[in-house]
Structures are given as structure tokens and as C-alpha cells.
Ligand code: IPM
Ligand code: MG
């Protein structure tokens, strides 16, 4: 089947404004690959992007003192979406860029949901013995603006033997409800199972708010089966029996931790993608690979661009280009399946070369020479959850 829609058209019907924030470390390399794939996708699927490259990250911060708030926030705000590389560098005290940029953006732009698929694609190597793709296809919906990530608390008697550190976790009914509602919508368009992951036996206050909200929202989605798993037990079940899960909804910090575990199961941090979704259109959503800036291998061509390109696919699904999104996902899977290893020299090519292979694979998909990835794509589920 030929799925090219308006190839050759000179005036694309659909144009999206995109901010590109390559950032630090391996961010610029993997973002470069994502943009090469985007360029090809535009040509093949008849849409266009107007892109603005935003200088941000360690160098920019050292030179200007600028983080998210201020001019950068203003130039990002009006965009349809943000493609983000990574941020963090040894030249800046750890935490400044993470909190002052990444968290400030997630919170400032109300990117309430951090969507992190954990799918073992066919042909991709996993460290979990005997795990097959049929058994590993779930999505973790991480709350993205609250919990311990609000960074509130206090220390008294700092630096003395009497020091007392209080770190608060903020959970609002509104914040918890919107992420749980999204998770239900996603589950309703997938295998109709939603698992709450928390630690309600110990974190009783937050746990009660999460459980009560889950029970209330469940009444609106009778077709979705619900389930509960403690976060420590999740670390046991996820690698051994991922088939237990369809959609998992969880708090910000638990989500941070279990999505790294999820990334390992699906082949490593290099292949894991994410979407930071603003649910009401009041500000742009942001798309980033899960891996960090990896300054030790920056500029060496050793980073796997798959996570960044799959994040681009999620961006396309969000913008309303689900066919292109599914094709990009398929192209990435084709290339990953042909690789000896998923990172470094074992990839059998540099970051840019792997990116070029994805571009070539995308052409084959669009021309119908490679069938679209079988099974339900997260891209379709995202589109369905958005339109509900
Ligand atoms: C992630 C990262 C971030 C987080 C850091 C870089 C602030 O680990 O996206 O998972 O903790 O959320
Ligand atoms: Mg993390």
C-alpha cells in the first residue's frame, strides 16, 4: 500500500510551528537525526514545520544566566510543540539546569502527563532473558508537575549534627485527577487495563488521595479494568511479567524511577522516548528522549538516536499526523532490528549514520516496501486519547 499522501505538493496543507531545543551533551547529535527524519517525513507525508532553534543549556546559562523563565519561555510559549534534546553538563552545578529548565518547563507549561511507552519492538535485544515483544507493550503515565518534584521543603540547622531536612511531596486533587483521567482515556483506547502504582501502605496521605481519585474516575470508564501495585513490587513485576500491564499511572518520583527500569527492559535508555503533554492546549507539549545528556560521549557519534526519533514520532502523533508518526516508528524499528547492539560502537555506525538509515527506512515505509509496524501503535492510542 502506498501511504504517501501529498508527496511533491509545494504548498503543504498543514504547517506546524516547532521549537527545537538541542541543549547539551549528546542532545544536539540526536536532535540533528530527529530533524533529518522530520525533513523526510514532511516531504513524504505532505505537511510542513516552521522551526525555531532555541539556544539553551549549559553554555548559554554560563554566558547569560538564562534558564527557562524569561525570553526563552516567551519564544517557546507560542509554538505548537517543542522538540527537546537533553540538558546538563559538568560545567554547571548539578540540579540548576534540571530544575531551572526541564522541571520549570514541565511545570510552567502544565505538561501534566509524562507519557513513556515501554514496548519491546520485534528484533530488538533486551537484557531480560526470554522476553518476547508480545509480552512487553505497556505505557507508563507519569504525573509530571507535582509530587516531590515541586522542590519544596526546608532544612534547619543545616550543616550541623542537628540538621533536619524536610522534603515535601505535593499532591493536589486536580493534578492527580487530570493525569488519572488521561491514563483512563489511554487505557480505553488500548487493552482496557489501568494499574495504579504507588506506595499507599506507607505514604498514606498521598496514597489515599491517589486511590480515592482513581476510584472516582474509574466510574466514568466502566469498560476499563483497574488494578493496584506497590512501587517496590512494580520493580519485581515489570522485568519479569510486563504482560501484566497495559497502562500504568503513577506519581512523579515513582514514575521517574520505574521508567528507567522500563527503558532497560525495552533495550536501553537509547531507545526510550517520552512525551510531556499539556492536556488543555494552554501551552505547548514537549518531546524528549529519556536518556540524559551523557557528556562523556558527547560529539563522538556513539549515542543511539532512536529515543529522540521515537519522541519525534510521538510529537507527530500529538500534532495530528498519526500516519507519519506510525511510519517513523516503523522506520526506527526496522533499523533497530538490524543492529548488533543498541549503543556505542556496537550500533555498527555513528549516530548520524544510524539517523540516515532511519531516513532511508522511512522512504521504504512510505513507498509501501516495508509494512507498517503490526499491533496497535502508541501513536494511535495517543491520538484517540487526545480526541476523546
Ligand atoms: C527524566 C529525568 C529528569 C527527571 C531529570 C533530568 C530532571 O531523569 O526525565 O526522567 O528527573 O524527571
Ligand atoms: Mg529519569
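Rounded to the nearest 5, what % of the DSSP beta bridges within region 126-266 are antiparallel ones?
25
On a full-extension model of 0.36 nm per residue, what is the gain between residue 98 and residue 77, subtracting their alpha-carbon distance, rounded to one decimal in nm?
5.7 nm
Pick from 105, 300, 87 the residue whose mean-square fluctuation is largest in a GNM of the chain, springs joining Cα atoms under 10 Å.
So, out of 105, 300, 87, the one fluctuating most is 300.
Can you give me the P(r) profile for the chain? Cα pairs, bins 10 angstrom wide beginning at 0, each as a whole percent.
That works out to 5, 24, 33, 26, 10, 2, 0, 0, in percent per bin.
Once label points are set 7 Å from the Cα along Cα→Cβ at both residue 53 and residue 201, what is their separation, rounded to one decimal in nm?
5.3
Once region 266-355 is represented by equal point scatterers at the alpha-carbon sites, with solvent omitted, what log10 I(q)/I(0) does the Debye formula produce at q = 0.26 Å⁻¹?
-1.30
Rounded to the nearest 5, what % of the DSSP beta bridges within the chain are antiparallel ones?
40
By count of other Cβ within 10 Å, fewest leading, how are 17, 338 ordered?
Least to most surrounded, the residues fall as 338, 17.
Taking N as the number of residues in region 211-301, what value does Rg over Cα atoms divided by 2.2 N^0.38 Å take?
1.33
Using Cβ counts within 10 Å as a stand-in for footprinting exposure, how do 152, 116 rank, fewest first?
By the 10 Å Cβ count, ascending: 152, 116.
At residue 340 and residue 129, where each label point lies 7 Å from the Cα along Cα→Cβ, what is the point-to-point distance in nanometres?
The answer from the label model is 2.4 nm.
How big is the Cα convex hull of region 126-266 in projection, averaged over all directions, in nm²?
9.8
Neighbour counts of other C-beta atoms within 10 Å: give me 60, 198 arranged from fewest to most.
Fewest-to-most ranking of 60, 198: 60, 198.
At what distance in angstrom do the alpha carbon centres of region 113-192 and region 195-244 lie from each other?
Between the Cα centre of region 113-192 and that of region 195-244, the gap is 12 Å.
No value in this document is a laboratory result; all are computed from the given coordinates. Since this is a predicted model, take the numbers as computed values, not measurements. Cβ: placed from backbone, ideal geometry, glycine included. Neighbour counts: every protein chain shown.
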